[in-house]
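The values are calculated or read from the model by the stated rules, or taken from the named source; none is laboratory data. The model shown is predicted, which means the values in this text are computed figures rather than measured ones. Positions of Cβ are generated from backbone atoms using ideal geometry, with glycine treated the same way; all protein chains shown enter the neighbour counts.
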Amino acid sequence: MKRRRLGKPESVKLLAERLSRCPQVTRFDQGEHREAWTIAHALADLEDSFGRFLDEQLPRLTEEPASNTDLNDVLLEIGEEFRHVLYHINDPAFYKYVSGFESEVRPGR
């Protein structure tokens, strides 16, 4: 994968600190929950997932000679990666509107 932006804990921490100064993010804070940290962690995990999809799984579908069983296995792996992506899209309250499960107006609007 190309250069990762959130590959180090320090990078995630800096992003969380930056997001924590954004009122559109902090309005989702509740009790000890800090939305900035949830978003930063989610984005770091999404970066990993998208990298695996683009750099490993998609090439295995398009470049390697594979049997039908191998193709099915890769498709299932991709499905599990997509499940992981959906989790990290739905975990932050800030992005609940993306799935349509939340009737709230989009953040920042």
| request: Scan segment 54-65 and give yes if some residue there is among the β-branched types (Val, Ile, Thr) and under 19 Å from the mean Cα position of the chain (by Cα), otherwise no. | output: no
Counted residues in segment 68-97 being surrounded by 13 or more Cβ atoms within 10 Å (Cβ to Cβ) and either among the charged types (D, E, K, R) or in contact with a strand residue (DSSP E or B) (Cβ under 6 Å, 6 or more places away or on another chain) (or both) come to 6
All-but-one check, residue 49 against (1) surrounded by fewer than 16 Cβ atoms within 10 Å (Cβ to Cβ); (2) modelled with pLDDT of 95 or more; (3) small (Gly, Ala, Ser), failing number (1)
For segment 1-23, pairs from a residue that is over 15 Å from residue 35 (Cβ atoms) to a residue that is among the polar types (S, T, N, Q), with Cβ under 8 Å and 6 or more apart or across chains, are 5/11
Expected output for segment 79-94 (first residue aromatic (Phe, Trp, Tyr), partner surrounded by fewer than 17 Cβ atoms within 10 Å (Cβ to Cβ) and assigned to a helix (DSSP H, G or I), Cβ below 8 Å, 6+ apart or cross-chain) is 94/24
